[in-house]
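Please read the structure below before turning to the comments.
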Amino acid sequence: MLLVRAAGFSSSIDRQRVDAFLNRNKRCGLCPPDLLKFGELLEESDEKLFEQIDGNTQHVLYDLLPPPSTALQTYDLRQRAVPSTRLRSPGNYW
C-alpha cells in the first residue's frame with residue numbers, strides 16, 4: 001500500500017535513485033538478485049490494490065469504480081454490404 005502512495009509523488013529522478021539504491025543492495029547481498037525494479041514494484045502493488053478493491057464490494061473505494069462495461073457482451077457487427085478492397089500503396093495513385 002505504501003508503494004501505491006509513493007507512485008504519485010515520485011519523479012523519474014526519484015525512481016532512478018531508488019533503482020540505484022536497490023542495485024547496490026543486490027550487489028551487497030542485502031536484496032534477492034531477482035528483485036524487480038522500483039517502477040515494476042509500483043505497478044505490481046497498484047495492480048494488487050485494484051484487484052482487492054474490484055473483488056470486494058464492501059471496500060471503501062469500490063463505489064468510486066465505474067460500472068462494468070456491457071459493450072463486449074452486446075457488441076454485434078452487421079455484415080458488410082460491399083466487400084472491402086485493398087488500399088493502394090501511397091505511390092500508386094495514378
Open item on the list: Suppose each label sits 7 Å from its Cα in the direction of the beta carbon; what would the residue 61-residue 21 distance come out to in nanometres?
Closed with: 2.2 nm
TODO: From zero up to wherever the largest Cα-Cα distance of region 2-67 sits, split into 10 Å bins and tell me the percent of pairs in each.
DONE: 20, 38, 26, 15, 2
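Bear in mind these aren't lab numbers, they're just calculated from the coordinates by the rules spelled out. Just so it is clear, the model here is predicted, and its values are computed rather than measured. Note that each Cβ is placed from the backbone with ideal geometry, even for glycine, and that neighbours are counted across all protein chains shown.
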